[in-house]
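Bear in mind that the values in this text are calculations on the coordinates, not laboratory data. Everything quoted here is computed from the prediction, not taken from an experiment. No Cβ is skipped: glycine too gets one built from the backbone with ideal geometry, and neighbour counts run over all protein chains shown.
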Amino acid sequence: MIYFLLIFFFGSLFGITFMIGRKFLMLQNGQKTYQDDTEKIFKTQHLEEFKHSLIKTIKKYTYLGLVTTIRLYFRFKNLFLSKYQKIKIKIKNIRDKNKNINPENKREISKFLRIISEYKQKIREIKHKIKEEESNS
């Protein structure tokens with residue numbers, strides 16, 4: 001593997017030195033190369049057009065990326081909020097069921113309030129009996 005990479009490296013190095021040496025010899029002889037004129041034309045016109053089209057494309061895709069990101073943010077936010085509310089309700093229901101099932105969780109009513117509620121119940125029973133006696137007589 002290393003030999004393969006070394007062969008490519010030295011081959012590329014040899015090719016670059018050959019091209020530079022050839023250009024250097026042509027310049028020393030005073031010859032004007034045909035490629036110089038085409039490179040100038042290519043660099044000025046085509047690169048400017050490419051630059052403008054590239055900038056337009058980058059702006060377009062940046063805008064699309066931004067809009068997509070914002071849309072995804074709000075969709076996931078709404079999804080997570082709705083799931084959170086559902087889970088919150090389920091947990092509350094489970095907690096309420098467990099509270100009602102376990103007698104340990106029921107609060108003991110104070111003794112005073114319990115006695116008062118018993119007296120109220122007895123008074124209701126007495127009133128009910130009185131009404132029945134009056135209706136029967």
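Each residue of the stretch 75-85 is assigned a 3J(HN,Hα), and the resulting list reads 5, 5, 5, 5, 4, 5, 5, 5, 5, 4, 5 Hz, derived from the Karplus form 6.51 cos²θ - 1.76 cosθ + 1.60 (θ = phi - 60°), x at Gly and Pro.
As a rough footprinting exposure proxy, the listed residues M19, M26, M1 were ranked by other beta carbons within 10 Å of their own, and the order from fewest upward is M1, M19, M26. FRET efficiency for the pair K51 and M19, taken as 1/(1 + (r/R0)^6) with r the Cβ-Cβ distance and R0 = 35 Å, rounds to 0.85. Rounded to whole numbers, the Karplus 3J(HN,Hα) couplings from phi for the stretch 119-134 are 5, 4, 4, 5, 5, 4, 4, 5, 4, 5, 5, 5, 4, 5, 5, 5 Hz, using 6.51 cos²θ - 1.76 cosθ + 1.60 with θ = phi - 60°, and x at Gly and Pro. Our coupling estimate for the stretch 66-74, obtained by passing each phi through the Karplus curve with A = 6.51, B = -1.76, C = 1.60 and θ = phi - 60°, is 5, 4, 4, 4, 5, 4, 4, 4, 5 Hz, Gly and Pro reported as x.
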